[in-house]
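Encoded as structure tokens, the structure appears first; notes follow it.
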Amino acid sequence: MYRGIVMIVLVGIISSVLLVLFKKLRKITWLSAKDVVLVFILTCSINMVFFTLIPVTVERSVSVFMLSYMDTYSDKADDSNVSATVDGGDMLEIKGSTETDSKGYT
């Protein structure tokens with residue numbers, strides 16, 4: 001199981017327990033068990049949306065940047081001067097490239 005999902009469920013449980021404690025300390029009668037379950041489900045759902053949405057959006061942004069960079073410099077790449085390595089992440093290296101673009105990339 002993923003650690004992130006375990007943490008999301010743990011946060012949902014903690015928020016539900018805090019709501020029950022708040023209810024008992026303040027002697028609130030209008031909060032029911034349905035409200036506690038609703039808080040658990042809402043907390044887990046909202047956190048799951050952020051847990052999946054933000055990393056996917058960032059990854060897509062990086063992928064689009066890499067693809068546009070490769071498209072821009074595709075004329076310099078052929079089988080003899082391109083090497084691809086995987087060391088914790090994908091990296092494309094074009095050997096012998098000395099020109100730089102407007103952002104300073106070679």
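The values are calculated or read from the model by the stated rules, or taken from the named source; none is laboratory data. Keep in mind it's a predicted model, so treat the numbers as computed, not measured. Cβ coordinates were reconstructed from backbone atoms using ideal geometry, including for glycine residues, and neighbour counts include every protein chain displayed. SASA here: full protein model, heavy atoms, side chains in, ligands and nucleic acids out. Shrake-Rupley method; radii C 1.70, N 1.55, O 1.52, S 1.80 Å.
Which of the residues belonging to the stretch 1-37 are in a loop (DSSP other than H, G, I, E, B) and either open to solvent by 100 Å² or more (accessible area, probe 1.4 Å) or in contact with a Pro (Cβ under 8 Å, 6 or more places away or on another chain) (or both)?
Of all residues in the stretch 1-37, those in a loop (DSSP other than H, G, I, E, B) come to 1-2, 27-32.
Listed by number, the residues that qualify are M1, Y2, K27, T29, W30.
Tell me, yes or no, whether the stretch 76-97 has at least one residue that is at pLDDT below 85, part of a helix (DSSP H, G or I) and open to solvent by less than 70 Å² (accessible area, probe 1.4 Å). Walk me through how you get there before you give the answer.
First pass over the stretch 76-97, keeping only residues at pLDDT below 85: 76-97.
Checking the rest, the ones that are also part of a helix (DSSP H, G or I) come to 76.
Next cut, open to solvent by less than 70 Å² (accessible area, probe 1.4 Å) only: 76.
Yes; the residues of the stretch 76-97 include at least one that is at pLDDT below 85, part of a helix (DSSP H, G or I) and open to solvent by less than 70 Å² (accessible area, probe 1.4 Å).
Which of the residues spanning the stretch 32-45 are of a type outside the set (K, R), out of contact with any Leu (no Cβ under 6 Å at 6 or more places or on another chain) and within 22 Å of L10 (Cβ to Cβ)? It would help to see each step written out before you state the result.
Going through the stretch 32-45, the residues of a type outside the set (K, R) turn out to be 32-33, 35-45.
Then drop every residue that is not out of contact with any Leu (no Cβ under 6 Å at 6 or more places or on another chain), which leaves 32-33, 35, 37-38, 40-45.
Listed by number, the residues that qualify are A33, D35, V37, L38, F40, I41, L42, T43, C44, S45.
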